[in-house]
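Read the figures in this text as sums done on the coordinates, not as results from a lab. From a predicted model like this one, the values you see are computed outputs, not experimental measurements. Don't worry about glycine lacking a Cβ; one is built from the backbone with ideal geometry, like all the others, and counts go over all protein chains shown.
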Amino acid sequence: MVLIEPPVGEGCSIDAIIQHLGGHRVKAVVKDVTVQLKPLLMVNYHHGSLNYGNTTTTTTVGDSIIRYDFYEAKRKDLLTAAKLARDKLIPSTKGGGATQPSSSSTATAGGGTVLIPGVDDEQMLGKLDEYCTVQLERHKLNRIQQHERRWLESTLGHELNMLKEMENSVAYMEAEDNSAADKMADDAAKMKELNDKRREREEAKQAEAEAQSRLEKEMAKREFLRQQQELMDHQKKEEERKQALHEKSLAEAERRRKQEYDKMMQQEYAWRLQQDKLNEMNRKDEERLRIQEEQKEHRQEYMRSIIKKKNDRVMASMKNNEELEIRRKQE
C-alpha cells in the first residue's frame, strides 16, 4: 500500500483511489512508505487565498468562476510532481535494458513494497494524478461554495435581525402613540373638569359682582351729581384762568415772533454783506488772473520776438559767412 497525502483535505484517499482504479485488491506490506508531495507542491486555501508554490493568488470570496488557465497550469504541475514521485518510487529502466512488461506494478522505497496487480505503472500514475487533481479541484470548489453559503447566511441573518429590530421599533412607537393618546384623553378630561369648576366659580363671582355693582352704581350716581356741580364750578374758574393764560401766551408768542423776525433780518443782512464781499473777492481774483494771463502772454510774445531776432541774426551771420566763403573761393 502506498499512502499518498493529498495537498488539501481528504478527497484523495487510498480507498477512493482503489475504487477509482476498478476495485482491485491491493496486497502490500507497509513500512512507513510515504510519497511526500508537499515539498514539491503546497496548495492551501484559507480565507480566499490560494498559495501555489511560492506564488500567492488572492480570489474574492463568492467568486465561483474557475479560471481555466490557472487551473490548467496547476494540473500540469501536479502531473509533473506525480511523475517525479513515480520516478523516485519506480526504478529507472534507462541503462539497464528493456524491462519486460508485467501484469503487476512493484515499487520499493524506504523498505516498503507496493504491489497493484493488473495495472501498468504509467496508467496507474496517470489515473492517480488525474483523480487527485479532480478531487482537489472538487474539494476547493466545495470550499468556495460553502464559504459563499456561509456568507449568504450571515448576510441574510443580518438583514433579518435588522428587520426584527425595525419591527420592534415600530411596535414600540405604536405603543408609545397609544399611551400618548390615552394620556392626552386623561389630560383632556381633567382639563374639562377644571374648566367646569372654574366656570362655576366665575359665575358665582359674577353674580356677587353684579349685586355689588348695582349698589355701587347707586352710590356713584349720588356722588356723581355732587361732583358734577363741584366740577362745573371748578371748570368755570379754570376757564377764566386759562383765558388769562392764553392771552398772556399770545402776547409772549408775538414778542418772540417779532424777536425772531428781527434776528432773521439781521442774519439775512449779514449774509448779504458776506455774499457781496465774496463776490467782490471773486471778481478781484478773476481780474488778477486775467492780468496775470495778459502779462504771461506779453512775456511770451517778448520772448518769441527776442528768439526770432536772435535767429535772424544767426541766419544773417551764417549768410554773411557763406558769402565771405564764396568770395574767398572766387579770389
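Listing for the model above:
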item	result
Set of lysines near K258 by C-alpha distance (under 20 Å), chain-local residues within fewer than 8 positions excluded	K248
Cβ-defined net charge surrounding E301, 13 Å radius [Lys, Arg +1; Asp, Glu -1]	+2
Rough spin-label spacing in nm, given labels placed 7 Å along Cα→Cβ, for E216 and Q145	10.0
Distance between region 259-331 and region 143-217 - C-alpha centres, whole angstrom	101
Cβ-derived FRET efficiency at R0 41 Å, H158 paired with L84, nearest 0.05	0.25
Pairwise label distance in nanometres, E254 with R241, each label 7 Å out on the Cα-Cβ vector	2.5
Modelled FRET efficiency - R0 30 Å, M264 with Q295, Cβ distances, 0.05 increments	0.05
Vicinal HN-Hα couplings computed from phi for region 131-136 (Karplus, 6.51 cos²θ - 1.76 cosθ + 1.60; Hz; Gly/Pro x)	5, 4, 4, 5, 5, 5
Net length gained if the chain between M173 and H234 were fully extended (0.36 nm per residue, minus Cα distance)	14.3 nm
Cα→Cβ-extended label distance, 7 Å offset, between E280 and K319, nm	5.8
